[in-house]
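To start, the structure itself, in structure tokens.
The values are calculated or read from the model by the stated rules, or taken from the named source; none is laboratory data. Computed from a predicted model, the values in this text were never measured in an experiment. Cβ placement follows ideal geometry from the backbone for every residue including glycine, while neighbour counts extend to all protein chains displayed. To get the accessible areas, we keep the full protein, side chains included, count just its heavy atoms, and leave off ligands, DNA and RNA. Shrake-Rupley method; radii C 1.70, N 1.55, O 1.52, S 1.80 Å.
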Amino acid sequence: MTQVRLALLNAAYEGESTRRNFRRELDASLAEFDITDGELPETYDYDGVVVTGSRASVYWDEDWIEPAKTWVAEAIDRDVPFLGICWGHQLLADVLGGSVDDMGEYEVGYSHIEHTGDSPLFDGIDREFVGYTSHSDAVLELPPNAEPLAENEYSNHGYRLGNVFGVQFHPEFDQPTMRKLLENKDLESETRERLLAEVTDENHARTRPASLVFENFVDFVREVRERAAADDGARDVSA
């Protein structure tokens, strides 16, 4: 079976660990673009697009953000499937007419999340699950007509609108990524040490079911591609 072709929009600035994590989790042919350096695909000829996390905020006045939003909006208009992670989740919500802002607190570490509706994105994931988190911005208002998919006491953690999915948690994180993040964050020493002590094999194992969102998204993209091919075939026959 031919692999699906995904564009990976890497918004992580120095994104080596982000690149490693997404390449490990996504069983697909990936074309990566460092959008913080102004790289964007020259075409929309991809089966789907994944947008990563970032230390930026979607409302910052940085030269690369508006062009990224413009490209994403055009791809969505062309019905290209999307999956946004953390900042990507927020970017997609912003492009689709939702509201993103500082939520006034910082969610970080291993968070308990509940997915609240039936969705192919959460196939195989328990209703209540654990995910890595690191965010102080949140989608405060979903885009019009978006379906909420997951949440906890901090914020929305998942939504869908048509072929667009967003999740606030980090299903791609591994222990080295979480450890490096905590070591470099501006945290009180006691808080940092407590959170670092929680970076264990046991806690990591609890997050693994959440990574199924990648497999589920790739399956969804493949189904969209197959439906489009079938529709094209039917039109050719009837012509």
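Overview of values
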{"quantity": "Vicinal HN-Hα couplings computed from phi for region 175-185 (Karplus, 6.51 cos²θ - 1.76 cosθ + 1.60; Hz; Gly/Pro x)", "calculated": "5, x, 5, 5, 5, 5, 4, 5, 5, 9, 7"}
{"quantity": "Using a Förster distance of 22 Å, the FRET efficiency for residue 66-residue 151 (Cβ separation, nearest 0.05)", "calculated": "0.15"}
{"quantity": "Counted charge near residue 85, where neighbours are those whose Cβ lies closer than 15 Å (Asp, Glu -1; Lys, Arg +1)", "calculated": "-2"}
{"quantity": "Residues whose placed amide H lies under 5 Å from that of residue 100, excluding near-sequence neighbours", "calculated": "140"}
{"quantity": "Length-normalised contact order for the chain - Cα pairs under 8 Å, 6+ apart - percent", "calculated": "19"}
{"quantity": "Value of relative contact order over region 138-198, rounded to a whole percent, pairs C-alpha under 8 Å and six or more apart", "calculated": "19"}
{"quantity": "Length gained when the stretch residue 3-residue 229 is fully extended (0.36 nm per residue, less Cα-Cα span)", "calculated": "79.9 nm"}
{"quantity": "The chain: most fluctuating residue of 188, 62, 128 per GNM, C-alpha cutoff 10 Å", "calculated": "188"}
{"quantity": "Per-residue [θ]222 nm for the chain (sum of -39500 (n - 2.57) over DSSP H runs n ≥ 4, rounded to 500)", "calculated": "-11000 deg cm²/dmol"}
{"quantity": "Pair residue 45, residue 188: separation of 7 Å Cα→Cβ label points (nm)", "calculated": "5.6"}
{"quantity": "Longest exposed-site-free window of the chain, the sites being trypsin sites (Lys or Arg not before Pro) in a DSSP loop that have at most 11 other C-beta atoms within 10 Å", "calculated": "128-239"}
{"quantity": "Degrees separating the helix 212-238 axis from the principal Cα axis of the chain, which is the longest one", "calculated": "10"}
{"quantity": "Per residue solvent-accessible surface (Å²) - region 1-146, probe of 1.4 Å", "calculated": "45"}
{"quantity": "Listed residues 118, 137, 34, most fluctuating in the chain (Gaussian network, C-alpha, under 10 Å)", "calculated": "118"}
